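Data first, discussion second: the structure below is written as structure tokens.
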Amino acid sequence: MHLTLYIPGLFGPKARFSNEYLPAVPTLNRLLSRGKILSATERSFHFTLARLFGCAPPPGQDVPVAAVTHQLDAAGVGQGTWMRADPVYLRADRRSVILLDAETVRLETRDALALAAEVKPLLESQGHQLEVPCPERWYLRMQSAPQISTTELEQVVGRDIASAMPAGPDSASWRRLLNEIQMVLHQSPVNIDRESRGLAPINSLWFWGCGSTPTPDARRWATIHGADLFLRGLAEIGGTACLPIPSGANECLANAEREDRVLVVMESCRRAAAHQEVEIWNAAVRELEQRWFLPLAKALQIGAVRSLSLITDGLEMEIAPLSLFCFWRRGRTLAQLAPGVTTV
């Protein structure tokens, strides 16, 4: 089996945290030390998935997340150009404006539909059709693709939005539209009611993931495992099933043939790293050590895994069976690669 593991968030939160929270992961450290680095360029979660399916966009263009996830959210209805317009809460202070997503602030279907009805006339006046198939994912269907590049929502959650606003020739008109949407939502009765219930208001939308449906090469993988909506959409469009994540490496090995190319996308660290939840991240990495890294190291030693590609935050490496015996390769450990760790 040729196994590719994509584990976003494996190296933990970027915000500073004490090395006391580093998990003990000797097998992962051994794999990191012995692997051959193929790339050290940090890419977004969705760009990496698109690249794994051979449909990454050229520089300056969005990954067409909206077109792909819309096909699953709306049961395959609607070709054309789509953009995500996800509801968010912008929390302003003296120096910054911090974004919190709908999942964080608990947006339910009733409120989502009512808020969408308030901003829909404004969007339609600009030629955009708004669809709300689920509370946290809103979609714009457009007559043509705007000349802008956007920032994926996940990259902005919990951060200042100043450097993440739309850029490009059409960005000024989209920023104006965003300001008008914010004015409508500011006086929304729905938000007044939410605040009376102790909930954060939905006071803006976040535009991102614009484009039309790509042509993913899903058949490069014999088996695909994962739960992410974009991953499942790429697999479905490409004509390959996306299966649930195995309980561990042993189950994955038991179900694969010797020459199979298998992709597993595991998100157990992803949200914890993005939201600076160090203790949850620690527990997730320790579980990966026991269920995946330890049995995979053994499988590499006996040749049951012919190659292991590990992709995570800004790092892609390949570990072959003989790599484990390259004792002169040293120096890469989780403690050194985790961007937020500090010594106390």
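Here, each number is a calculation from the coordinates, and none is a lab measurement. All values derive from a computational prediction rather than experimental measurement.
Can you tell me what percent of all Cα-Cα pairs in the stretch 132-262 are more than 18 Å apart?
Roughly 70 percent, once rounded to a whole number.
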- Message: For the stretch 186-344, take the convex hull of the Cα atoms, compute a quarter of its surface area, and give me that in nm², please.
- Response: 14.6 nm²
- Task: Subtracting the Cα-Cα distance from 0.36 nm times the residue separation, let me have the gained length for Ala74 to Lys298 in nm, one decimal.
- Result: 76.3 nm
- With just the Cα atoms of the stretch 28-143, tell me how far they stretch along each of the three principal axes, in Å, largest first. 56, 41, 26
- Note on the structure: Taking the chain and counting helices only, DSSP H stretches of n ≥ 4 at -39,500 (n - 2.57) each over all residues, the nearest-500 ellipticity at 222 nm comes to -9500 deg cm²/dmol
- Taking every C-alpha to C-alpha distance in the stretch 1-56 and binning by 5 Å from 0, the per-bin percentages run 4, 12, 20, 24, 20, 13, 5, 2, 0
- Note on the structure: Debye calc, one equal point scatterer per Cα of the stretch 65-211, no solvent, log10 I(q)/I(0) at q = 0.12, 0.13 1/Å comes to -0.45, -0.54
- Item | the chain: translational diffusion in µm²/s, Stokes-Einstein, Kirkwood Rh over Cα pairs, 25 °C, 0.890 mPa s | 114 µm²/s
- Selected from Glu124, Glu152, Glu316 as most flexible by GNM, with the chain as the system and alpha-carbon contacts under 10 Å: Glu124
